[in-house]
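The values are calculated or read from the model by the stated rules, or taken from the named source; none is laboratory data. Just so it is clear, the structure is predicted and the values come from calculations on it, not from any experiment. Note that each Cβ is placed from the backbone with ideal geometry, even for glycine, and that neighbours are counted across all protein chains shown.
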Amino acid sequence: MKTISVGELRQNPTRALDEVEHGETYVVTRHRREIGRLVPPRRRRSVTPLEFDEALRSTPLEEGWSDELVATRGDFDDDRDPWSV
């Protein structure tokens, strides 16, 4: 973990932000006191097509799910003006 002052960050934000983009964490200080941190975003694990297929197959279907889907879909398929009363 690196430390950077507000002044240094103001003068050259690109270097610090490039390092954060590559996984580095910075403690931001003002008058030698920590006021914040620059941290990289959490990386989301991608799901493979096989994992997605398995998740769909292992999800139990409740009775009447297709009727609910049709009813909900109908709310979006009509030509009514949503702003009219």
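Here are the numbers for this structure:
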item	result
SER5 vs. criteria loosely packed, with under 10 Cβ neighbours inside 10 Å, out of contact with any helix residue (DSSP H, G or I) (no Cβ under 6 Å at 6 or more places or on another chain) and of a type in the set (Gly, Ala, Ser)	no
Total residues in region 26-72, condition closer than 30 Å to ARG15 by Cβ and either surrounded by 10 or more Cβ atoms within 10 Å (Cβ to Cβ) or polar (S, T, N, Q) (or both)	13
Yes/no for THR72 being among the polar types (S, T, N, Q), modelled with pLDDT under 85 and over 27 Å from MET1 (Cα atoms)	yes
Residue within region 12-22 that is exposed (fewer than 10 other Cβ atoms within 10 Å of the Cβ), free of Cβ contacts under 8 Å to residues at least 60 places away in the same chain and among the hydrophobic types (A, V, I, L, M, F, W, C) present	no
Meets criteria (among the charged types (D, E, K, R), within 29 Å of the chain's Cα centre (by Cα) and at pLDDT 85 or above) for ASP53	yes
